[in-house]
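Remarks on the structure that follows.
The values are calculated or read from the model by the stated rules, or taken from the named source; none is laboratory data. The model shown is predicted, which means the values in this text are computed figures rather than measured ones. Ideal geometry is used to build each Cβ from the backbone, glycine not excepted, and the neighbour counts take in all protein chains shown. The protein model used for the area step is the full one, side chains on, heavy atoms only, and it has no ligands, DNA or RNA in it. Shrake-Rupley method; radii C 1.70, N 1.55, O 1.52, S 1.80 Å.
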Amino acid sequence: MTIVLIWDADGAPPVSGGLVVLWRAFAGSADAGVVSIPALIEANAESLRTRYLTWVHEFGETSIRGRRLVDHLEIRPGFSYWWMTLFAEKCNYSKSPQIDDAIGLLAFEQWADQRHVSQVTLVTANAALAECMGSLCSKTGISFVSQAGPAAKDGLPWTKRLYRILPLPLQSFAWLLAHLLRRWPLRGVGLAEWRQSTGKIAFFSYLFNLVPEAAKCGRFESRYWGHLPDELRKDGIKTNWLHLYVESDALPSAAKAAGAIRQLNAAGQGEQIHVTLDSFLSLKLVLQAVHDGLRVWRLGQALIPSFVVSEATRIDLWPLYRAEWTQSFSGPAAMSNVLNLNLLEFAAGCLPLQQAGVYLQESQAWEFALVHAWKAAGHRRLISFPHSTVRYWDLRYFFSPRNYSDGDRNGLPRPEQIAVNGVAVRDALIAGGYPERDLVMVESLRYFHLLKAGGADHRAGHRAGVPLRVLAMGDIVKRNTERQMRLLEGAARFLPADTVYTVKPHPACAFAPDDYPGIRITVSMQPIADLLADCDVAYSSSVTSAAVDAYCAGVPVVSMLDPATLNLSPLRGCEGAVFASTPEELAEALATCASQPSTSARSRTFFTLDADLPRWRKLLQAQDHASIYNAG
């Protein structure tokens, strides 16, 4: 019989008389009697991902008082609020970090089934994880002991700590009031032009990541969409643009954003119509959203589930998701969801009939509301566009194949087509069970700079005696960037003292170089293509898609591997991809990779690149009698 110590704490585990299972660390090659849960997850990735997605599907399908949960949550005819919950979104890299523990439990269950485990001792500060593990051991006849590890400090200012102790319904109303105060200057901006538009193609995007030089001139140029807007304009195609405003250095306030929208509409002269989602705010709409919010809260109270064990696992995962259920139905996330639902319904309802709609796909809650609102308003084809990469462990993009069946009332809201930007995204979605017939290949719009990356082919690698130049590419999630930079700070002790460190932060993530006194940092917001041309090796966070920029440009790239999370790197499984999880590994990888000659550009491994955009033009042609494009 086997005695197991599960170590979910910082530092090395104590000497144990049995097997040691590291919950969020990798085992060294010389560590006999040590098992790593992150390594087990990677070794059994396909079965574990399938089991988790099956569990989520069965959760939504659970029968309560003779009706499925998704049907109980029908908030509009044929549209279930289920698809706006954190459960369905599955955002494991920021909003729902407990998914890592859920999949770790599935991995442990699978591993333990193959051994005669008699006793488990778990050291963790995670009470929910301990409860789940205790339940599993009880069902399988294993003796279980839980020991509390040191709790992590939250580091939040007192104002946020005070806010967090408020009941969630009060938090949701406080969020709504603050949101309205910040966004009210956008109310009505561009609304008249939207209602009177003669354009027949609508795009749904973010008022963020705009090219600053173009914005100053009143010209719409977004890094998400590349030169597609200009090409449509040259073709005489009128378009409508609805933007979700995101605060940024370029547009730090709603008043600034309102001015930018007015400037874009003036410059567009009716060929491009621009509004924000907040343009549709009104007192009546806010009251309707509050009504929906109260309804959702009552549903959440009435349907607190006790049905969490499914065919996918014997583990009761509910302790991990108890807080997420409450947040989905009564917290700020719920209020944001119902507000966005009402705003999108109004926006789609007052827009003249559209032949096609395209939205940036990241599988967030508002996107499912858009699919419902678009179809309810009677518009024609709706197309989603994953604008960057689809990472294997980014579970937002994947569902149980059973969710893709057509005709299911309250089923998964899907667009008619997904526009994929290359073979990598296409193959990832097909491998995940998405119907291939609903995928259409288009050109990637934000990676055309890779066509000019041929210069990387001629670099012979870093030369001895010349300072090593490291480009660190930050993440949109602050804690991911912090982990990345702490690892680099540790690695700097093993690298030459004259090493040059340049950091390109994500534009939506504030970065303070003084937080990392162990390295001298130069912060640059230059285009990534320019920075890659002036470095010896790139270093990416565990999540950012910027790793693909370097990889495709032929620049050596090392990605942080964080054992505390799933491997969310877009380079997971790619030939020649290099990962590091300790300072020593990172220092060695940076030095070794930088000294090797640059590889040939790999852009076509990922993306379809044709600056003339023939696939986009074909896709956006209307498929009825009223053709948007002239024949030929």
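Observations, loosely collected:
- Of residues in the range 74-85 being buried (at least 22 other Cβ atoms within 10 Å of the Cβ) and not hydroxyl-bearing (Ser, Thr, Tyr), the one nearest to residue 376 (Cα to Cα): 79
- Listed by first and then second residue, the pairs linking a residue in the range 16-36 that is without any contact (Cβ under 8 Å) to a residue 60 or more places away in the chain to a residue that is surrounded by fewer than 20 Cβ atoms within 10 Å (Cβ to Cβ) and part of a loop (DSSP other than H, G, I, E, B), with Cβ atoms under 6 Å apart and 6 or more places separating them unless they lie on different chains, are 19/33; 20/13; 34/27.
- Taking each residue of the range 112-130 that is assigned to a strand (DSSP E or B) and looking for partners that are open to solvent by 50 Å² or more (accessible area, probe 1.4 Å) with beta-carbon atoms closer than 6 Å, six or more apart or interchain, yields 118/1; 119/3; 119/143; 120/144; 121/145; 122/146; 123/147.
- Inter-residue pairs, beta-carbon under 9 Å, first at pLDDT 70 or above and in the range 591-603, second surrounded by 15 or more Cβ atoms within 10 Å (Cβ to Cβ) and of a type in the set (Ser, Thr, Tyr), 6+ apart: 602/551; 603/444; 603/447
- Test for residue 293: is it of a type outside the set (Asp, Glu), in contact (Cβ under 8 Å) with a residue 40 or more places away in the chain, open to solvent by less than 30 Å² (accessible area, probe 1.4 Å) and not in a helix (DSSP H, G or I): no
- The set of residues in the range 184-222 that are closer than 30 Å to residue 527 by Cβ and in contact with an Asp or Glu (Cβ under 7 Å, 6 or more places away or on another chain) comprises 186, 210, 211, 214.
- Qualifying residue in the range 569-580 (condition: among the small types (Gly, Ala, Ser), open to solvent by 10 Å² or more (accessible area, probe 1.4 Å), on the phi < 0 side of the Ramachandran plot and in a loop (DSSP other than H, G, I, E, B)): yes
- Residue selected from the range 506-530 under the condition open to solvent by less than 20 Å² (accessible area, probe 1.4 Å) and of a type outside the set (S, T, N, Q), by the criterion nearest to residue 493 (Cα to Cα): 519
- Counting the residues of the range 41-73 that are surrounded by fewer than 20 Cβ atoms within 10 Å (Cβ to Cβ) and of a type in the set (A, V, I, L, M) gives 3.
- If you go through the range 7-37 and keep only what is outside any loop (DSSP other than H, G, I, E, B) and of a type in the set (A, V, I, L, M), you end up with 19, 20, 21, 22, 34, 35, 37.
- Taken over the range 486-505, the residue count meeting the criterion of being in a loop (DSSP other than H, G, I, E, B), without any contact (Cβ under 8 Å) to a residue 40 or more places away in the chain and open to solvent by less than 60 Å² (accessible area, probe 1.4 Å) is 2.
- The sole residue among 252, 229 that is open to solvent by 60 Å² or more (accessible area, probe 1.4 Å), within 18 Å of residue 210 (Cβ to Cβ) and not aromatic (Phe, Trp, Tyr) is 252.
- Hits in the range 604-622 (condition: part of a loop (DSSP other than H, G, I, E, B) and either exposed (fewer than 13 other Cβ atoms within 10 Å of the Cβ) or at pLDDT 75 or above (or both)): 607, 608, 609, 610, 611, 612, 613, 620, 621
- Within the option set 342, 337, being farther than 18 Å from residue 440 by Cβ and touching a Ser or Thr at 6+ places or on another chain (Cβ under 9 Å) holds for one residue only, 337.
- Of residues in the range 372-395 being touching a helix residue (DSSP H, G or I) at 6+ places or on another chain (Cβ under 9 Å) and open to solvent by less than 10 Å² (accessible area, probe 1.4 Å), the one nearest to residue 445 (Cα to Cα): 386
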